[in-house]
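Down below is the structure, laid out as C-alpha cells.
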Amino acid sequence: MRRLVENTGDRWMIAINLFALGMGELLFDDYEEAEKIAERNLALYEEIGDRFGSTMPLIVLGHVELARKELEKARQFYLRCFRTSQEINFYYGMQTSSKYLANVCSALGQYTEAEKYLHHSLVIANEIGFTRDIVHLLYEYARIIAARGELEESAKAQKKLAKWMLPCFGFIVVLLVWQFNSFRRAAIILITIPLIFIGVVIGLLVMNASFGFMVSPFFVSYCLCNPEPTPSDVG
C-alpha cells in the first residue's frame, strides 16, 4: 500500500499514508520507527505548506516521547501542535493537544496547569460536540482536582510539622545528654544523622519514590532508633 501511494507521486496522499503508518507503529510499540515516520511526515507537510496536516505528526511525536517517559519532550511537541492549531483556528487540534498537555502536566505534578488545559479541552469538546471525549475529560478533571486537594493537604501538614521541627530537635538533644550524662555520647548519635539522611535519599532514588508525608515520620523515627553508644564507641 505504501509503495502504491508513493508511486502516484501525490505528496498529500503520501503524507496521509505516512500518518497512518506512524500511528500503526506506535500501536505496535515500535517507537523508533514511529518517530522516523512521523518526522518524515512532518517534513512533508511543511514542504506542502499544509499546517492542518502538520498537527497530526506532532501528536504522534508527542505520543512517542510520552511512551518513553520523556515528559518535557512530549510537552514540547503537544505545545507546538496546540499553538499551530490556535493560529489556524483548528479546534480539533486544540482540543486534542490540550488533552494530552493536561496528561503531561499531571504526570509532572503540575496540577494547576493540567486543570487549565483540561478545562480548555473540555470547553472546545463541548463546542464542537465531541461527546465521546467529554465523559473522559470530566473524569480526568475530577481526578486532577482530587490530586491537587491531596497535595495541598499534604503541604499544610508538612508546614505544621516544620514549625515544630527545630524545638523538637532541641528537646531531643537535651534528652540525649540527660540519658547518657555525656555531651560526647550525644554528639556521636547526632553525627550519624546526616549519614542516615544520605542513606534514605539513596533508597528513595533507587525506588523512584518521593520524599512525601509518609517518609517524614519514618525518617525521624529511624534517626531516633540509633543504638546506644557503647564505651568502645567513645574511645
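Bear in mind these aren't lab numbers, they're just calculated from the coordinates by the rules spelled out. All values reported here derive from a predicted model rather than from experimental measurement. No Cβ is skipped: glycine too gets one built from the backbone with ideal geometry, and neighbour counts run over all protein chains shown.
Expressed as a rounded percentage, what relative contact order does the range 2-149 have, with Cα pairs under 8 Å and six or more residues apart? It would help to have the intermediate numbers written out before the result.
Numbers: 178 pairs, mean separation 20.7, N = 148.
Reported relative contact order: 14 percent.
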Exercise for review: Order by neighbour count: Thr112, Thr55, fewest other Cβ atoms within 10 Å first, most last.
Suggested key: Thr112, Thr55
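Dividing the alpha-carbon radius of gyration of the range 2-149 by 2.2 N^0.38 Å (N being the number of residues), what value is obtained?
This ratio for the range 2-149 stands at 1.09.
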Point to revise | Backbone HN-Hα couplings from phi across the range 127-137 [Karplus 6.51/-1.76/1.60, Hz, Gly and Pro as x] | key: 5, 8, x, 8, 4, 4, 7, 4, 4, 4, 5
Practice item. Using θ = phi - 60° and the Karplus relation 6.51 cos²θ - 1.76 cosθ + 1.60, list the HN-Hα couplings for the range 182-187 in order, rounded to whole Hz, with x at every Gly or Pro. Key: 7, 5, 5, 5, 4, 5
Exercise for review: Step through the residues of the range 65-72 one at a time and calculate ³J(HN,Hα) from phi using the Karplus curve (6.51 cos²θ - 1.76 cosθ + 1.60, θ = phi - 60°), rounding each to whole Hz and writing x for Gly and Pro.
Suggested key: 5, 5, 5, 7, 6, 8, 5, 5
